[in-house]
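The values are calculated or read from the model by the stated rules, or taken from the named source; none is laboratory data. Everything numeric here is computed off the predicted structure, so don't read it as measured data. Quick reminder, even Gly has a Cβ in these numbers, built from the backbone with ideal geometry, and neighbours come from all protein chains shown. To get the accessible areas, we keep the full protein, side chains included, count just its heavy atoms, and leave off ligands, DNA and RNA. Shrake-Rupley method; radii C 1.70, N 1.55, O 1.52, S 1.80 Å.
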Amino acid sequence: MAGLPNLKLSLFPNSCSLSSSSSSLCSNPFIVSTSIFRRTPYRFPKIFAFSSNDIKVGSNVEVDGAPCKVIEFLHVKPGKGAAFVRTTLRNYITGNSVEKTFRAGSKIEEANIYKETKQFTYRDGAQYVFMDLITYEEYRLNEKEVGDKAKFLKEGMDCNLLFWNGKVIDFELPITVKLTVVDVDPGLKGDTAQGGSKPATLDTGAVVNVPLFINRGEEIMVDTRNGQYMGRA
């Protein structure tokens, strides 16, 4: 058919070809270009203009040239005057929280932040080292950047690293993690899940409240968003 490339595909050795009038992909069926497997981070395309009306908790916006995450927001419609959106933002770079007000419907620059899964491999002094298990490239975060998340961070754990302008600015823990109880008062006979709770120290150093029947050496599931016990692993 006119206008279509002439494609030929052979299943026999030394005769494989996929060609058009202008190029040929291969001459050997057992030689595959690794370029087709090259991994690139996925970014969601922007299909609409982002405005203050689109703000919600977790939105990423760019304010004064810095990426920020929306922590709280409130749409306000006063009796007189124009409506506006009052927000509390956390600056990814500095970690500081600021209050910012936007006019309702005003255009806002959405921060181009994307995520990649990396594995936390080890701690090097005051730095936490994450690794890409395909390229073996390392990414480092300092203690301030990791913050309180360190109490649930364990070697070998897969986390989401957040990138902005090619730099790591934050990371996300798994929502639930499996940790081991290393210190807790022993359970008593007859203790039940409804019989109260007691503090337990975990292998990462975190302290969480657990049911009275939990003993040292047991593995439990913990919600990293609030540090609550979820059950036995």
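List of remarks:
- Boolean, residue 221 is in contact with a Gly (Cβ under 6 Å, 6 or more places away or on another chain) and farther than 29 Å from residue 111 by Cα: yes
- Verdict on residue 109 being touching a Pro at 6+ places or on another chain (Cβ under 6 Å) and either surrounded by 12 or more Cβ atoms within 10 Å (Cβ to Cβ) or in contact (Cβ under 8 Å) with a residue 24 or more places away in the chain (or both): no
Rundown of residues vs (1) at pLDDT below 95; (2) in contact with a helix residue (DSSP H, G or I) (Cβ under 7 Å, 6 or more places away or on another chain); (3) part of a loop (DSSP other than H, G, I, E, B); (4) among the acidic types (Asp, Glu), yes/no style:
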position: 94; (1), (2), (3), (4): yes, no, yes, no
position: 105; (1), (2), (3), (4): yes, yes, yes, no
position: 119; (1), (2), (3), (4): no, no, no, no
position: 177; (1), (2), (3), (4): no, yes, no, no
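Yes/no per residue for (1) more than 30 Å from residue 66 (Cα to Cα); (2) open to solvent by less than 60 Å² (accessible area, probe 1.4 Å); (3) modelled with pLDDT under 95; (4) in contact with a Leu (Cβ under 6 Å, 6 or more places away or on another chain):
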{"position": "171", "(1), (2), (3), (4)": "no, yes, yes, yes"}
{"position": "187", "(1), (2), (3), (4)": "yes, yes, yes, yes"}
{"position": "200", "(1), (2), (3), (4)": "yes, yes, no, no"}
{"position": "207", "(1), (2), (3), (4)": "yes, no, no, no"}
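- Leading residue by the ranking (farthest from residue 186 (Cα to Cα)) among those in the range 218-229 that are more than 21 Å from the chain's Cα centre (by Cα) and open to solvent by 50 Å² or more (accessible area, probe 1.4 Å): 229
- Residue within the range 169-182 that is under 19 Å from residue 118 (Cα atoms) and of a type in the set (Asp, Glu) present: yes
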